[in-house]
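Note sheet for the following structure.
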Amino acid sequence: MTLRQDLLREFCPQNALELERDLALLHRSKGGQGLVDAIARLQEFVGPYTVRHYASTTACQGYLMPRPWNLKGGSLRLSTGEWLIPDLRMAPIGGIFLSGPSRGIERLRVVDVRSGTEDTEYAQPVEGCAVLATGKPPVVYREAVAKRGARCVISNFMPAQDTRIGRTPEEMPDTVNYASFGSEAQGEGFGFNVSHRTFKRLQDLVREEAVEVDAFFDADAGTGDLQVLEAHMGTPGPRKPILLLAHLCHPRPGANDNASGAALLAELVRVLCSVPLEREIVALWMPEFYGTIAWLADQKPDLACAIDLDMVGEDQTKTGSTLEVTATPWSLPSFISDLMAVNLTTHDFRLMLTGFTWGSDHAVLNDASIHVPALLLSQWPDRYYHSSDDTPDKSSVQSFAWVGRGILDTLADLVSGIPDERAAVVAARIREQGLADSVRYNDPLIRDWVARRTRAALLALQETADTPVVRAELAATGATAPMPAFQPRVPVIGPIEEVWMTTDDLQWNDRLMRDFPCWSNLKAEVVNFIQLDVEREDALKLATAEFDAPAAAVHAARHYLDLLTARGYLLP
């Protein structure tokens with residue numbers, strides 16, 4: 001039997017679905033008891049691997065670590081006695097993450113501030129009040145709580161609305177959405193997520209008469225740290241290890257996001273432990289972003305590539321989802337996304353190979369300072385994303401089987417070699433995409449970079465599959481300059497996040513994220529290009545082309561670089 005056959009024969013996707021059901025029962029907040037319990041449940045399944053502990057009260061690299069937070073309970077009711085949220089212990093998604101505790105039961109006047117994100121919406125005072133707000137909760141927190149002294153935020157904010165799949169508040173009136181305050185929140189106020197139906201009723205009541213609520217919120221620091229579960233399989237050798245990772249945090253139920261990724265990774269680890277591997281594979285379960293950057297800064301691993309599992313279990317019929325394989329950015333060419341897409345291609349499921357996008361832990365690894373080619377596997381869009389309806393019945397054992405086998409096929413390729421026929425398909429895909437991009441752009445700088453990254457991806461493929469077809473595709477690219485070497489220009493590793501930002505900077509950044517969907521990608525990739533010794537204006541031009549950024553976003557990115565330079569986060 002071959003390694004591939006051994007792995008696929010051992011794989012049991014039903015295990016992943018059953019484990020997802022267990023994890024979905026836990027409220028997995030960063031630093032909370034539920035995340036600790038989730039790690040313990042994973043250890044019961046995969047074995048007693050290493051748990052690493054990281055402080056969550058300080059800045060780590062470019063990140064402001066969120067304070068450890070553990071929800072213990074809470075309730076919300078009208079002063080007339082009618083319950084709005086009877087008990088957060090039963091439905092913890094109704095508590096906004098990083099809320100502080102209330103002072104017992106607080107009776108608060110309710111003020112409708114519409115979105116709650118603009119100065120003009122605060123014509124009446126809100127100090128000591130509860131505000132009804134439809135805007136993004138971290139922004140509402142800064143405007144209502146931090147700036148104006150409100151005690152409570154009541155929100156129905158639904159992110160990523162999509163009429164194509166019926167994901168709107170009007171079509172999901174009884175759904176409660178997951179929300180969090182920003183990492184800078186230190187417990188000065190607290191907040192509740194309510195359904196669209198409940199929110200509209202409150203708005204109607206406030207328009208007609210003075211309304212008060214009795215609010216109770218109980219939260220503490222939980223474990224006081226961020227915990228990361230780390231497993232090692234296979235035999236260390238001359239080839240760099242491969243990293244598999246899945247974030248474990250998110251509220252109950254959080255089934256597809258991301259109990260599904262964590263559960264499938266656990267089943268893959270069980271399978272990988274059942275056979276001898278002539279290459280080391282590392283698995284990581286962690287709090288999203290923060291656990292990854294802390295682990296990288298602590299362990300300083302030398303990795304070959306990474307596969308990020310985030311929302312992989314969706315029943316595509318129920319959720320309206322398509323599995324996206326996210327390519328590595330232009331600043332870090334690789335063949336791994338094309339290989340994964342080839343291994344997942346089927347007529348039975350929807351699949352799309354996309355350009356690089358932010359959104360999960362692969363973005364940290366792809367940063368120029370870490371330089372680990374990392375792909376993301378994620379089902380998107382999802383009708384039930386970040387909501388009380390993200391339950392295990394929206395998952396599918398068939399999806400687990402499909403995605404899991406695609407990953408095992410890819411790992412077999414990376415460990416024991418890519419079959420010639422498959423390598424030929426991957427090589428052709430890489431060169432065809434390079435040709436398409438070369439035709440698309442007229443600018444010599446961009447066309448030169450396209451040629452460089454195409455050749456670099458084929459060279460990386462040749463290291464794993466040195467076949468006649470791969471060599472022929474490589475020869476057909478012609479002579480190009482090599483990819484430039486990394487030149488450290490930032491005093492941290494990983495993407496530069498919010499630790500340096502003032503309140504005004506955060507508000508400016510929030511507006512850009514609202515106005516330009518490409519903003520997170522654009523600002524990170526510009527810095528990546530600069531750390532590859534590309535001149536600033538050329539870096540802006542390349543990132544603009546990669547993400548089709550509008551002129552206003554490019555102007556903002558130029559200002560962003562000026563701010564980083566002024567604050568000492570980017571060497572002039």
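Here, each number is a calculation from the coordinates, and none is a lab measurement. All values reported here derive from a predicted model rather than from experimental measurement. FYI the Cβ positions are ideal-geometry reconstructions off the backbone, even for glycines, and counts take in every protein chain you see.
Here the peptides 393-399, 464-470 are ranked by packing, the mean other Cβ count within 10 Å, and the order with the highest first is 393-399, 464-470.
At 0.36 nm per residue, minus the direct Cα-Cα distance, what do Thr502 and Tyr49 gain on full extension? Give it in nm, one decimal, please.
On the way: separation 453, 0.36 × 453 = 163.08 nm, distance 3.97 nm.
Between Thr502 and Tyr49, full extension yields an extra 159.1 nm.
Over the chain, Cα pairs under 8 Å with separation of 6+ residues give a relative contact order of 16 percent. For the chain, the Kirkwood hydrodynamic radius from C-alpha pairs, put into Stokes-Einstein at 20 °C and a viscosity of 1.002 mPa s, yields a diffusion coefficient of 87 µm² per second. Sorted from greatest to least, the principal axis extents spanned by the alpha carbons of region 498-566 come out as 31, 24, 15 Å. Around the Cα centre of the chain, unit charges on the Cβ atoms of Lys, Arg, Asp and Glu (plus for the first two, minus for the last two) sum to a dipole of about 220 debye.
The per residue volume of the convex hull around the alpha-carbon atoms of region 131-206 is 83 Å³. Taken one residue at a time, the phi angles of region 243-249 give Karplus couplings (6.51, -1.76, 1.60, θ = phi - 60°) of 9, 10, 8, 8, 6, 9, 6 Hz. Gly and Pro are set to x. Rg and Dmax, both from the Cα atoms of region 114-273 and both in Å, are 20.8, 73. Counting lysine pairs in the chain that sit 8 or more residues apart in sequence, or on different chains, and whose Cα atoms lie under 23 Å apart gives 9. Taking every alpha-carbon pair under 8 Å whose residues sit at least 6 apart, region 22-153 reaches a relative contact order of 14 percent.
Each Lys and Arg adds +1 at its Cβ and each Asp and Glu adds -1 at its Cβ; summed about the Cα centre, region 425-572 shows a dipole of about 300 debye.
Working out 0.36 nm times the residue gap between Thr168 and Arg197, then minus their Cα-Cα distance, what length gain in nm do you get to one decimal? Intermediate values should be presented prior to the final figure.
On the way: separation 29, 0.36 × 29 = 10.44 nm, distance 1.22 nm.
Using 0.36 nm per residue and subtracting the Cα-Cα distance, I get 9.2 nm.
When only alpha carbons are used to place a centre, region 254-332 and region 457-524 end up 19 Å from one another.
Distant-in-sequence amide contacts of Val111, defined by a placed amide H-H separation under 5 Å and a gap of 5 or more residues or a different chain, comprise Ala130, Val131, Leu132.
One way to sum up the overall shape of region 1-47 is the equivalent ellipsoid from its Cα gyration tensor, whose semi-axes run 29, 11, 7 Å, largest first. Between Ala40 and Ala123, the modelled labels are 5.4 nm apart [label points 7 Å from Cα along Cα→Cβ]. In region 436-572, the C-alpha radius of gyration followed by the widest Cα-Cα span (Dmax) gives 17.3, 57 angstrom. Given +1 at the Cβ of Lys and Arg, -1 at the Cβ of Asp and Glu and no other charges, the dipole of region 72-195 around its Cα centre is 340 debye to the nearest 20. Full extension of the segment from Val439 to Thr346, taken as 0.36 nm per residue of separation minus the current Cα-Cα distance, would add 30.6 nm. Residues in region 26-32 carry Karplus couplings, in order, of 10, 8, 9, 7, 5, x, x Hz; the curve used is 6.51 cos²θ - 1.76 cosθ + 1.60 with θ = phi - 60°, and Gly or Pro positions show x. Fewest neighbouring Cβ atoms within 10 Å first, the residues Thr391, Thr117, Thr354, Thr80 line up as Thr80, Thr354, Thr391, Thr117. Helical runs assigned H by DSSP (4 residues or longer) give the chain a calculated mean residue ellipticity at 222 nm of -11500 deg cm²/dmol, each run adding -39500 (n - 2.57) before division by the residue total.
Per residue and in cubic angstrom, what volume does the convex hull of the Cα atoms of region 239-356 have?
Working: hull volume 15.9 nm³, N = 118.
Considering the Cα atoms of region 239-356, their hull volume per residue is 135 Å³.
Place the peptides 330-342, 245-257 in order of packing, highest mean first, counting for every residue the other Cβ atoms within 10 Å and averaging per peptide. Before the final figure, lay out the partial values.
Values: 330-342: 24.9, 245-257: 28.2.
By packing density, highest mean first, the sequence is 245-257, 330-342.
At an R0 of 41 angstrom, the distance between the Cβ atoms of Gln186 and Thr354 translates into a FRET efficiency of 0.65.
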